[in-house]
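**Q** Below you'll find the structure I mean.
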Amino acid sequence: MLFVIFVIFIPIAIWLILSFMSRQKKGEETDEPKEQIELCAICQEEFPMNQLLEKEIGGYGRVYCFCGPCIENLYHEHQNTTDIKTGE
């Protein structure tokens with residue numbers, strides 16, 4: 001009897017469970033391609049790739065993504081430091 005359980009019933013149960021799980025995953029998938037999401041290198045918030053600026057930094061090819069607000073903040077910080085240095 002144990003032989004029948006291990007050879008027949010357990011593989012059938014595993015097959016049913018796996019087929020049921022694969023049907024659930026197929027139902028969740030859509031045909032529409034999902035928009036790629038990436039993190040800003042400074043603020044670490046998620047943005048769609050079309051809202052980020054990609055820049056290769058350094059000689060080893062590392063690519064960083066920056067969001068608009070962080071770029072604007074860096075620009076204003078740079079302007080403030082150059083204004084202080086020039087004495088304006």
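The values are calculated or read from the model by the stated rules, or taken from the named source; none is laboratory data. Worth saying up front: this structure is predicted, and the values here are computed from it rather than measured. Positions of Cβ are backbone-derived with ideal geometry, glycine not excepted, and every protein chain shown enters the neighbour counts. Accessible surface is based on the protein model in full, side chains and every heavy atom, while ligands, DNA and RNA are left aside. Shrake-Rupley method; radii C 1.70, N 1.55, O 1.52, S 1.80 Å.
**Q** Would you calculate, for the chain, the mean residue ellipticity at 222 nm contributed by helices, counting each DSSP H stretch of 4 or more residues as -39,500 (n - 2.57) and dividing by all residues, to the nearest 500?
**A** Estimated from H runs of four or more residues: -14500 deg cm²/dmol.
**Q** Taking only Cα atoms, what is the 0 to 90° angle, nearest 10, from helix 10-28's long axis to the longest principal axis of the chain?
**A** The angle comes out near 40 degrees.
**Q** If you don't mind, another one. Can you give the local net charge around Q36? Use residues other than it whose beta-carbon is closer than 12 angstrom to its beta-carbon, Lys and Arg +1, Asp and Glu -1.
**A** Charge balance near Q36 sits at -3.
**Q** Between M49 and I14, what length comes free when the chain is fully extended (0.36 nm per residue of separation minus the Cα-Cα distance, one decimal in nm)?
**A** 8.5 nm
**Q** Would you mind working out the magnitude of the charge dipole of the chain relative to its Cα centre, with +1 at each Lys and Arg C-beta and -1 at each Asp and Glu C-beta, to the nearest 20 Debye?
**A** Once rounded to the nearest 20, the dipole reads 680 debye.
**Q** How much of the accessible area of the chain, in percent, comes from carbon and sulfur atoms when a 1.4 Å probe is used? Before the final figure, lay out each step's value.
**A** On the way: 4750 of 7980 Å².
It is 60 percent, rounded to a whole number.
**Q** Please work out the average accessible area per residue across the stretch 46-86, using the 1.4 Å probe convention, and give it in Å².
**A** Per residue, the stretch 46-86 has an accessible area of 81 Å².
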